[in-house]
Amino acid sequence: NEIGDKISYYNVQCYGEYTKELFDQIISNDYNPEKIVMGMLSGQDLNNIINELENIIKSYPNFGGVAVWEYFNAPPSSPDYPYVWCEIMYHILSNDNYMN
């Protein structure tokens, strides 16, 4: 039994590079795409993040998920409505064309 089998998720700090290319590199190193959680900083470009997530989901529809550092400051509606970030991510991950 592998040690990696005992790990539920890998929370990846994609603070400098939040791209499908990075995700592909991670997977090419034998990580299960369903265990990778892509983490972003609250100051990163949300539109770019959305585009990259949509590209990731096309290739890995069941990837692990997303996270944001400093939820209270999550774009696009922080600090008053950080939950809007959650709603956007939910719709992207559920692939319900909410944004299109």
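Here are some notes:
- Selection over the range 49-69 of residues that are open to solvent by less than 80 Å² (accessible area, probe 1.4 Å) and more than 17 Å from residue 93 (Cβ to Cβ) gives a count of 0.
- Subset tally (residues that are charged (D, E, K, R) and closer than 28 Å to residue 72 by Cα) for the range 22-48: 3
- If you go through the range 5-30 and keep only what is touching a residue at least 24 places away in the same chain (Cβ under 8 Å), out of contact with any Lys or Arg (no Cβ under 7 Å at 6 or more places or on another chain) and open to solvent by 90 Å² or more (accessible area, probe 1.4 Å), you end up with 11, 13.
- Sub-6 Å Cβ pairs linking a first residue in the range 58-71 that is in contact (Cβ under 8 Å) with a residue 40 or more places away in the chain and within 11 Å of residue 11 (Cα to Cα) to a second residue that is surrounded by fewer than 14 Cβ atoms within 10 Å (Cβ to Cβ) and among the hydroxyl-bearing types (Ser, Thr, Tyr), at least 6 apart or interchain, are 64/9, ordered by first then second residue.
The values are calculated or read from the model by the stated rules, or taken from the named source; none is laboratory data. None of the values given here were measured: they were computed from a predicted structure. Because the Cβ atoms are built from the backbone with ideal geometry, glycine has one as well, and the counts that use them run over all protein chains shown. Heads up: the accessible areas ignore ligands, DNA and RNA and are worked out on the full protein's heavy atoms, side chains in. Shrake-Rupley method; radii C 1.70, N 1.55, O 1.52, S 1.80 Å.
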